[in-house]
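> Take a look at this one; I'll ask things after.
Every number in this text was worked out from the coordinates using simple rules, so none of it is lab data. No experiment lies behind these values; they were computed from the predicted model shown. Neighbour counts are summed over all protein chains in view; Cβ atoms, including those assigned to glycine, are modelled from backbone coordinates with ideal geometry.
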Amino acid sequence: MRRKEFIYKAGLIAAGAAISPLHSLAKNSDRLVILHTNDWHSHIEPFPLSDKKYPGLGGAAKRAALISKIRAKHKNVLLLDSGDIFQGTPYFNSYGGELEFKLMSEMGYDFATLGNHDFDAGLDGFAKQLPHASFKFLCANYDFSNTILDGKIDPYSIIKKGKFKIGVFGIGIELEGLVPKDLYGEVKYQNPIERANETAMTLKNQGCNLIVCLSHLGYEYKGKKVSDKVLAKLSSNIDLILGGHTHTFLSCPQGVMNQNGKEIFINQTGWAGINLGRIDYEANSLKAPSVLGYNYTKIS
């Protein structure tokens with residue numbers, strides 16, 4: 001889809017919580033609805049009404065209700081998170097992440113990746129909470145060998161939703177200098193560009209017609225630090241990057257040309273569970289599904 005056409009369709013559905021304009025664009029069986037969050041940082045409850053910036057916004061209960069409403073209308077729904085689930089409110093300090101994982105499990109998340117703050121309770125603390133997560137954690141560029149998480153975090157996963165065969169993988173930010181060494185221990189950071197392209201190629205070779213990267217690299221930086229925009233430009237076979245870390249509020253997904261001259265999209269929903277991102281894909285006669293449009297919903 002050409003960028004102008006995508007932005008036009010995005011504009012049709014970006015206002016408020018309206019999702020009905022998408023309904024006429026494809027049959028239910030031919031549509032994939034990708035819902036996504038990032039950096040919700042243990043914000044279980046909405047911001048107080050007295051908050052000057054986000055009065056009454058967010059909250060896990062309202063997010064769950066919105067997700068349920070969308071699932072009632074659409075058959076093929078994929079729910080994803082791009083990391084930094086932990087840390088930010090006393091709920092994390094009191095329960096160490098148990099509540100966050102239980103709530104995400106109740107909402108029916110399919111996959112998530114790890115953010116830097118998900119190491120704040122150490123590897124032992126993260127491993128302790130994993131039994132409360134019914135969803136899978138994915139990360140392709142952290143080597144967990146010789147740690148308690150060895151064999152518990154997959155690099156990627158493949159899921160089928162109707163006519164869609166979707167490959168999902170995670171990419172994490174460099175932990176050195178960002179997270180105390182004693183919290184991440186022997187986890188080895190690997191080149192995110194190389195590992196992303198290797199993983200995307202693996203997924204392509206296994207017949208995936210849509211490849212999604214859950215990234216916690218950050219949207220963009222002034223220097224040479226690896227970001228989602230850098231990854232997109234140097235990538236092959238990735239169709240969609242759902243980012244985190246920089247708490248970037250994007251009004252619609254940003255198109256970037258990859259190294260093969262194909263436009264792929266990056267999105268990020270800010271932070272604190274204020275927004276639920278949504279991107280719809282349509283199955284068609286082509287090998288790769290095409291983008292139908294985008295919905296950016298404030299949880300209020």
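> Residue by residue, what Karplus-based ³J(HN,Hα) values in Hz, rounded to whole numbers, does the range 261-274 have, using 6.51, -1.76 and 1.60 with θ = phi - 60° and x for Gly and Pro?
Those phi angles translate into x, 9, 7, 10, 10, 10, 9, 8, 10, x, 6, 6, x, 6 Hz.
> Hey, another quick one. Determine the principal axes of the Cα atoms in the range 152-279, then give the extent along each, sorted from largest to smallest and rounded to whole angstroms.
44, 33, 29
> With the cut-off at 24 Å, tell me which of the pairs Lys69/Lys160; Lys75/Lys152; Lys73/Lys163 have Cα atoms farther apart than that.
In this structure, Lys75/Lys152 lie more than 24 Å apart at Cα.
> For the chain, what is the mean residue ellipticity at 222 nm derived from helices alone (per DSSP H run of n ≥ 4: -39500 (n - 2.57); sum divided by total residues; nearest 500 deg cm²/dmol)?
The per-residue figure over the chain is -7000 deg cm²/dmol.
> Among Phe126, Pro155, Gly207, whose Cα projects farthest towards the positive end of the dipole of the range 113-237, with charges put on the beta-carbon of Lys, Arg (+1) and Asp, Glu (-1)?
Final value for the positive-end residue is Gly207.
> Quick check on my link table: of Lys165/Lys229; Lys225/Lys262; Lys102/Lys165; Lys181/Lys298; Lys165/Lys224, which ones sit more than 31 Å apart, alpha carbon to alpha carbon?
Lys181/Lys298; Lys165/Lys224
> For Ser50 paired with Lys222, estimate the spin-label separation in nm (one decimal), with each label point 7 Å from Cα along the Cα-to-Cβ line.
With each label placed 7 Å out from Cα toward Cβ, I get 3.6 nm.
> Over the C-alpha atoms of the chain, what are the Rg and the largest Cα-to-Cα span, Dmax, in Å?
18.0, 53
> Within the range 108-152, whose backbone N sits under 13 Å from a point 7 Å along Cα→Cβ of Lys188?
Answer for this model: 141-147.
> Go through the range 203-300 and name the GluC sites (Glu not before Pro) that are in a DSSP coil and have 16 or fewer other Cβ atoms within 10 Å of their Cβ.
Counting only loop positions with at most 16 other Cβ atoms within 10 Å, the GluC sites (Glu not before Pro) in the range 203-300 are Glu220.
> Okay, moving on. Check cross-link reach from Lys204 to the aspartates and glutamates: straight Cα distance under 18 Å, and skip same-chain residues fewer than eight apart.
Answer for Lys204, where 18 Å is the Cα cut-off: Asp154, Glu194, Asp239, Glu263, listed by chain and number.
> Which residues among the range 175-189 fall inside the zone where the amide N is under 13 Å from a point 7 Å beyond the Cα of Ser145, along Cα→Cβ?
Counting only backbone N, you get 187-189.
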